[in-house]
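Read through the structure below, which is laid out as structure tokens, and then see the notes.
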Amino acid sequence: MTSGFGATGLLTPLIIGDVLGALDSIGVPVVQLLQMADSIAFITLAAIGLTVIFGMMGVINLAHGEFIMMGAYITTLSVNVVGLPLPVAMVLGALGTAAFGAIIERTIVRRLYGRLLDSMIVTFGLGLILTQGTRIIFGNSLQSIGTPFGEVPGYTYSAYRVLLLFAAIAVLGGAYLVFTRTEFGIQARATIQDAETARAMGVDTDRMYTVTFAIGSGLAGLTGALYAPSATIVPGMGQSFLVESFVTVVTGGSTVLLGTTLAGGVLGTIDAIFSNLYGNFIGQIALLLTAIIVIRLLPDGLTGLAHTVRDKLGERQ
Amino acid sequence: MSDNHVSRRRVLATGAAGVGTALAGCGGGSGSGGSGGDTIKIGVLEDRSGNFSLVGTPKWRASKLAVEEINDNGGIMGQQIELFDPDPQSDNQRYQQLTERLIQQEDVDALWAGYSSATREAIRPIIDREDQLYFYTTQYEGGVADKNVFCMGSTARQQLGSVVPYMIENFGTDIYTIAADYNFGQLSADWVKVIAQENGASVNNEEFIPLSNQNFGSTISNIQEADPDFVMAILVGNNHSSFWNQRTSAGLDIPMGTSTVMAQSYQHKRLEAPALQDVYGGFNYMEEIPTDRNEDYVSRYYDRFPDAGYANQESVNNYFSMYMYKEAVEEAGTTDQEAVRDVLEGGMEVTGDQSPEGDISLQGPVHHMTHNMRVMRCDAEHNITVEDERQIPEQFLSETVGIDLSGEDSELERQFTPTEYYDAAGE
């Protein structure tokens, strides 16, 4: 599997290098575009698991960062200790976190549906336990794994970070298909919208809740797995994803998958432009200001705006 | 046990009231009234959990090692050391509570506490109110002139004064500084400017990076665009460690100097090579220093703590300062804090096995150390080599400001900053 990376490593530089060179020569700000891809990928992937758990299920999961951390830990340990190839380790990271999510749903979260504040306190506590538990078991830090692929040909930019944009698009697309085009997805959404009616229609709602929560957890784990080669692997690493993830889901609004896509795009672009011009600190401020303005002007988030536009065009369904 | 019980209730009560320092008024009844007993009581507050546990745990270990060695060899003046070392959990409020408790209830003779400058500043008012002899052992921004505080770590001026001139001499005069966006990072960046000016170089770009930031794409491309002769990277904390992987995978190969990376949280051991290739640090200690004295210390450290990850720069400060305290008490003939302070202010030499970094000395009048500063280079395989070595004294308080805590300034309790004394700083 690792040789797969090697093969793409040989092929892609020629193509990507040529394309970027051509773009650069006609005045396209390539570095800014790379930065934008990186930011959009980070913000979207930070939010993706929360999109399902908070956006769809209404559970404010303050342990979201720790789920991401768990995915990163499983991935890193699988590579360093077991010796698995990186892609396999990443899949394990996502699956392992999904399994953990299923257990947590069955034992804890199950009792908290519709109890927003309670779910906050419980998941906050869960996050503390996971962080400190990880510290006790694995120590203060793990040996990190190097970042594959090297730099974008011709540019001082990590190719891996840019490729994560495609991972983000694939994950969002996959989640969209699962929740809109499969029978499971329709049953899951029905369960969350009106559990009683869904049960009357023969849906196993218990199972739906568990599986949906597990998918959300697994997506968070996948984010951790994808960022494991590029981040420092420490018990508190999940914290750095938390702000972006909640801001993105809230900014996105009620139609969660579309919302995350829109919000990830908007916030990532703003963050990239301002970081590039004025540094990371201003980038962060610009991102948060944008979120405040969006929520102030569009109480239903970006998808609220999308719905309004659609309604005005007379395409009400 | 009963002590624990009481303190736990107190902590709970404080938590309920939501006031960090509410204990101030109620400690009087529980003090044991002077430490004339048969043990010498020492408090060590170092983080073994929370954000700073990576750097705090080695500090705690080194203190414990020194205390055990001293006790095994007959203690201080024949008295065993009794160690009080609750875990402050990287939480400044907890630091304040524990500092109060160690001073008022346990009546410690000397206190070691804290990793970050924020922690030191959180407990310094308590230290000064109680006139508690206090050792701060982290490398820090410098400038603390406080009658009760002895700063054992090297200051930013000492660390940067070792590595910045080396970088200028070897790579050129165009400097790009990236620094953590808080007190320590900003003052360190000021020192880079001061030292650059003194050596005919200049800082032409500067970026301050929030501690929460772990995405360095724009920083890296901005550095590449400016194409400086070298970068001074004063990055702090776990999030910032991500910089090195990202720099390497982005192919940024401009040499980098630092005063913070590697020696404190051993990134060169934790990140996969060659993430730290061509990083040069100015430090008073790394465990790789190739002297017999140090190798002996490192083996004692790992024999005692086989699971330890690294013996970091701060840990060795905890270690030698415990021995320095022992010498001072024996010279004073008492643990009376005033008397011990007077001995320390007369200056001390720390030599032999007690100081793994090499022979060093305490500059009594300013309560800081003259350190054996080295420029350490990390290569592509993450091997560490010593490139330069010299004794560098604390200069800011002793020469620029002109402080004498043993004489005219004996009641001082403040911190000086370079912006007050240098035009180049703070521009």
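I want to confirm something. Restricting to region B:43-68 and keeping residues that are of a type outside the set (A, V, I, L, M, F, W, C) and open to solvent by 30 Å² or more (accessible area, probe 1.4 Å), which single residue is modelled with the lowest pLDDT? Even if it seems obvious, please write down each step before you answer.
Within region B:43-68, the first condition is being of a type outside the set (A, V, I, L, M, F, W, C), and the residues that meet it are B:43, B:46-51, B:53, B:56-59, B:61, B:63-64, B:68.
The next check asks that each one be open to solvent by 30 Å² or more (accessible area, probe 1.4 Å); those that pass are B:48, B:51, B:61, B:64, B:68.
On the way: B:Arg48: 90, B:Asn51: 79, B:Arg61: 97, B:Lys64: 97, B:Glu68: 97.
Selected residue: B:Asn51.
For region A:181-193, the tally of residues that are more than 12 Å from A:Thr212 (Cα to Cα) and either open to solvent by 70 Å² or more (accessible area, probe 1.4 Å) or touching a residue at least 24 places away in the same chain (Cβ under 8 Å) (or both) stands at 3. Looking only at residues in region A:54-75 that are over 14 Å from the mean Cα position of the chain (by Cα) and part of a helix (DSSP H, G or I), the one that is farthest from A:Arg135 (Cα to Cα) is A:Met56. The set of residues from region B:197-250 being among the β-branched types (Val, Ile, Thr) and either free of Cβ contacts under 8 Å to residues at least 12 places away in the same chain or in contact with a His (Cβ under 9 Å, 6 or more places away or on another chain) (or both) comprises just one member, B:Ile209. Checking each residue in region B:189-200 for being crowded, with 23+ Cβ neighbours inside 10 Å and closer than 22 Å to B:Met376 by Cβ picks out B:Ala189, B:Trp191, B:Val192, B:Ile195, B:Ala196. From the list A:Gly96, A:Gly49, A:Gly58, the one residue that fits, being in contact (Cβ under 8 Å) with a residue 24 or more places away in the chain and more than 30 Å from A:Gly146 (Cβ to Cβ), is A:Gly58. The numbered conditions (1) within 21 Å of B:Asp423 (Cα to Cα); (2) open to solvent by 10 Å² or more (accessible area, probe 1.4 Å); (3) touching a residue at least 24 places away in the same chain (Cβ under 8 Å); (4) polar (S, T, N, Q) are all true for B:Gln186 except (3).
If only one of A:Ala231, A:Ala214, A:Ala190, A:Ala198 is within 18 Å of the chain's Cα centre (by Cα) and not in a loop (DSSP other than H, G, I, E, B), which one is it?
Numbers: A:Ala231 fails: not in a loop (DSSP other than H, G, I, E, B); A:Ala190 fails: within 18 Å of the chain's Cα centre (by Cα); A:Ala198 fails: within 18 Å of the chain's Cα centre (by Cα).
Within the list A:Ala231, A:Ala214, A:Ala190, A:Ala198, the selection yields A:Ala214.
Quick one: is B:Glu141 modelled with pLDDT under 95 and open to solvent by less than 10 Å² (accessible area, probe 1.4 Å)? Outline the logic, then answer.
Details: modelled with pLDDT under 95: yes; open to solvent by less than 10 Å² (accessible area, probe 1.4 Å): yes.
Taking the combined requirement at face value, the residue satisfies it.
Taking the condition at pLDDT below 85 and more than 11 Å from chain B (Cβ to nearest Cβ), does A:Gly125 pass? So A:Gly125 does not fit the description; no. Counted as qualifying within region B:166-282 are the strands (runs of 3 or more DSSP E) with 3 or more residues that are more than 9 Å from chain A (Cβ to nearest Cβ) and β-branched (Val, Ile, Thr), namely B:174-180. Every residue in region A:25-37 that is away from chain B (no Cβ under 11 Å) and in contact with a Gly (Cβ under 9 Å, 6 or more places away or on another chain), please. Within region A:25-37, no residue meets the criteria.
Each row is one residue, and each column tells you yes or no for (1) under 21 Å from the mean Cα position of the chain (by Cα); (2) surrounded by fewer than 16 Cβ atoms within 10 Å (Cβ to Cβ).
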{"position": "A:Pro85", "(1), (2)": "no, yes"}
{"position": "A:Ala89", "(1), (2)": "yes, no"}
{"position": "A:Leu92", "(1), (2)": "yes, no"}
{"position": "A:Leu95", "(1), (2)": "yes, no"}
{"position": "A:Thr107", "(1), (2)": "no, yes"}
{"position": "A:Leu112", "(1), (2)": "no, no"}
{"position": "A:Leu117", "(1), (2)": "no, yes"}
{"position": "A:Ile121", "(1), (2)": "no, yes"}
{"position": "A:Phe124", "(1), (2)": "yes, yes"}
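Restricting to region B:309-325, count the residues that are farther than 19 Å from B:Gln363 by Cβ and open to solvent by 10 Å² or more (accessible area, probe 1.4 Å). So the count comes out to 1.
Within this structure, B:Gly153 passes the test of being part of a loop (DSSP other than H, G, I, E, B) and either of a type outside the set (Lys, Arg) or in the same structural domain as B:Gln96 (by TED's automatic domain parsing) (or both).
Kindly indicate which of B:Gly56, B:Gly50 is under 21 Å from the mean Cα position of the chain (by Cα), farther than 27 Å from B:Gly143 by Cα and within 14 Å of another protein chain (Cβ to nearest Cβ). Can you show your working first?
On the way: B:Gly56 fails: farther than 27 Å from B:Gly143 by Cα.
Testing whether each residue is under 21 Å from the mean Cα position of the chain (by Cα), farther than 27 Å from B:Gly143 by Cα and within 14 Å of another protein chain (Cβ to nearest Cβ) leaves just B:Gly50.
For region A:38-56, the count of residues that are modelled with pLDDT of 90 or more, open to solvent by 10 Å² or more (accessible area, probe 1.4 Å) and more than 14 Å from chain B (Cβ to nearest Cβ) is zero.
Taking the conditions exactly as written (surrounded by fewer than 24 Cβ atoms within 10 Å (Cβ to Cβ) and over 23 Å from B:Glu272 (Cα atoms)), does B:Val203 satisfy them or not? Yes, satisfied. Only one of the listed residues (B:Val366, B:Val401) is in contact (Cβ under 8 Å) with a residue 40 or more places away in the chain and crowded, with 22+ Cβ neighbours inside 10 Å. That residue is B:Val366. The single residue among B:Tyr310, B:Tyr297, B:Tyr285 that is outside any loop (DSSP other than H, G, I, E, B) and among the aromatic types (Phe, Trp, Tyr) turns out to be B:Tyr297. For region A:214-245, the set of residues classified as within 14 Å of chain B (Cβ to nearest Cβ) and open to solvent by 10 Å² or more (accessible area, probe 1.4 Å) consists of A:Leu226, A:Gly236, A:Gln239, A:Ser240, A:Leu242, A:Val243, A:Glu244, listed by residue number. Within region A:145-179, the set of residues being open to solvent by less than 50 Å² (accessible area, probe 1.4 Å), assigned to a loop (DSSP other than H, G, I, E, B) and more than 9 Å from chain B (Cβ to nearest Cβ) comprises A:Pro153 only.
Only residues that are touching a residue at least 40 places away in the same chain (Cβ under 8 Å) and either of a type outside the set (S, T, N, Q) or part of a helix (DSSP H, G or I) (or both): list them for region A:128-144, please.
Applying the first criterion (touching a residue at least 40 places away in the same chain (Cβ under 8 Å)) to region A:128-144 yields A:130-132, A:134-135, A:138, A:140-144.
Selection gives A:Leu130, A:Thr131, A:Gln132, A:Thr134, A:Arg135, A:Phe138, A:Leu142.
The values are calculated or read from the model by the stated rules, or taken from the named source; none is laboratory data. Source: prediction; values computed, not measured. Glycine gets a Cβ as well: all are built from the backbone with ideal geometry, and neighbour counts include every protein chain shown. What goes into the accessible areas is simple: the full protein's heavy atoms, side chains included, and nothing from ligands, DNA or RNA. Shrake-Rupley method; radii C 1.70, N 1.55, O 1.52, S 1.80 Å.
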